[in-house]
Amino acid sequence: MGDKMNTYRSSIYILIYLILICVNTSTYAATIDVPSDQPTIQAGIDAAQNGDTVIVANGVYKGEGNVNIDFKGKQITVKSENGPEETVINCLWIPNTRGFIFQNEETHSSVLDGFTIRNGVQEFGGGIYCNNASPTIKNSVISWNKAQRNEGGTGRGGGIYCFNSNAIIIDSTISNNIAEYTYGGGVYFDGTSEIKEGLGLRETRFQPKLINCLISENTGSGVFIQDFASCEIRDSKIIHNTLRGVVCTFFSRGDTQIIGCEIAQNTGGGVEVSEYSILKINDSIIKQNTAKYGGGIYCSPSGNIVVSDSIIAQNIATKWGGGIEVFESKWGDVEITRCTITRNTASVSGGGIYVYCLTSFTLTNSIVWGNHSDDRNPEVYVSGRGIVFRSNDIRDGLDRIGQEPDGNLFIYEDNIDKDPLFINSDRGDYRLRQDSPALGMGPQTNVGGALSVVPLGKRLVMWADMKRK
């Protein structure tokens, strides 16, 4: 009886001790106001302890202590009082000046919330620099910054640069930034790899996230991912950038994903996967992009890509592959399933899809209809081996496709050639009517985003946002 009572008492003491720890932690978490408690943002951070919050009042902050702001590894929140419209970090276009620095193994508990960061100039990360650090960046505007190409350098990440980082960037706008060497006008992700024990395989260790962000009007690519980095891009718009919206290249072999996104009106093309990289695209719209090759999606000889439940529409290639180009695929695998590929244009060949494959290309349960090219392959051009078309609706069928199926190098099974009966293709509504012969084809989810089709001056008529409604 005595032993049981002692055990019970010990449990009670431990519980009381834990409660006191929690109470003390919350009791001693401080709030530091800038500029009333500390004169600069850096001074506020320097005075803070883990768990504290630095609140920054409305104003334009510039000069020493308010630029090149270093979190110094602290797990704190630095938050504007009234959001990015009211709280601006102005770097004044002074060389080697940026907004914030994370370089001391900061974690997701290091939070930057609610700032506008502009006019920064640095070789890596004009606005924000993350090196071996993984902060949370939210509700912010990173704009008009520049990754400057110094002598012998490159200039990467006009808005944000992340190296070896699991940063979470959420609910933010990254716009009008410049990368002088084209690497990530908006955001640049880079990383190292490690050898998996016993197998000798290199593995990506880092996967930053872009969630519900707008990445637009940047000079260079919108998002550039390379060197064993990977990234999850979710529920975001990547539009109006001067090069490709998203580039995944140079051994980006992690779980890079684009989910529920709109990639539109980028003048260097929509998406590129190249140089032994792997990319998955799901539930997204890739539209109205323009490039020399692969207006919507370009896949190089060693790129690996899976695209599912997506719409690829109204893209333009001045050469081959208005919607998708798979060029001389020798080591990569490409899988397109449950997609609608329509109203794309190629000046030379393959208005919808251009495939020159030597390994594996598979198109299943998809609709390829109403595309255009100036030669005799308006919908699809294929050449090579390892090509499988199964259960698709393809306008003109095998006519003008470029290669005869042989059941071996090119397999063509259970495909149809019937008008899919879009609800209103002239207005960009590519859902299918109830009497469509292609009901089991095309996206089987409510594809996220809005598909702009009819310009009215500078305004674009949008189709229904089916996913979010």
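The values are calculated or read from the model by the stated rules, or taken from the named source; none is laboratory data. Treat the numbers as computed from the prediction; the structure is a model and nothing was measured. In this analysis, Cβ positions are derived from the backbone assuming ideal geometry, glycine residues included, and neighbour counts consider all displayed protein chains. These area figures cover heavy atoms from the full protein model, side chains too; ligands, DNA and RNA do not enter into them. Shrake-Rupley method; radii C 1.70, N 1.55, O 1.52, S 1.80 Å.
Couple of notes before you dig in:
- Here's how it looks for E328: its modeled amide H is under 5 Å from those of Y356, which are all 5 or more places away or on a different chain.
- Inverse mean reciprocal Cα-Cα distance (Kirkwood Rh) of the range 136-177, Å: 11.3
- Each Lys and Arg Cβ is given +1 and each Asp and Glu Cβ -1; about its Cα centre, the chain then shows a dipole of about 420 debye.
- Value at 222 nm in deg cm²/dmol, rounded to 500, when DSSP H runs of n ≥ 4 in the chain each add -39,500 (n - 2.57): -2500 deg cm²/dmol
- Translational diffusion coefficient (Stokes-Einstein; Kirkwood radius from C-alpha pairs) of the range 97-199 at 20 °C, 1.002 mPa s, in µm²/s: 160
- Here the 3J(HN,Hα) profile of the range 70-78, calculated from phi with Karplus coefficients 6.51, -1.76 and 1.60 at θ = phi - 60°, is 10, 5, 6, x, 7, 8, 9, 10, 10 Hz, Gly and Pro shown as x.
- In units of the rule-of-thumb radius 2.2 N^0.38 Å, the range 294-355 shows an alpha carbon radius of gyration of 1.01.
- Percentage, to the nearest whole number, of Cα pairs in the range 343-417 over 16 Å apart: 42
- Charge sum, other residues only, whose C-beta stays under 14 Å from G73's C-beta, Lys/Arg counted +1 and Asp/Glu -1: -3
- Of all DSSP beta bridges in the range 91-165, antiparallel share, percent nearest 5: 5
- Peptides 259-266, 180-187 ordered by packing proxy, namely the average of other Cβ atoms within 10 Å per residue, highest first: 180-187, 259-266.
- Pairs of Cα atoms farther than 38 Å apart, the chain, %: 33
- Whole-number accessible area per residue in Å² for the chain, which is evaluated in the context of all protein chains at 1.4 Å: 42
- For F228, the residues whose amide H sits under 5 Å from its own are S252, R253, ignoring neighbours fewer than 5 places away on the same chain, with H placed 1.01 Å from N.
- Charged neighbours of L398, selected by a Cβ distance under 10 Å, balance to -3 (K, R count +1; D, E count -1).
- Residues with amide H under 5 Å from that of I170, placed H, sequence gap 5 or more: I137, K138, N139, I211
- With respect to the chain, whose longest principal axis is taken over its alpha-carbon atoms, helix 2-28 is tilted by about 80°.
- Calculated P(r) tail over 28 Å for the range 210-344, as whole % of Cα pairs: 3
- Within-15-Å neighbourhood charge of R376 [Cβ basis; K, R +1; D, E -1]: -4
- Distance between the pseudo-spin-label points of A57 and R400 (7 Å out from Cα toward the beta carbon): 6.9 nm.
- Inter-centroid distance (Cα atoms) of the range 33-75 relative to the range 84-149, Å: 14
- DSSP-defined antiparallel bridges as percent of all bridges, the chain, nearest 5: 5
- Surface share of carbon and sulfur [accessible, 1.4 angstrom probe, percent] for the range 68-186: 40
- Residue pairs, from the table K237/K319; K287/K418; K209/K237; K138/K209, whose Cα atoms sit over 18 Å apart: K237/K319; K287/K418
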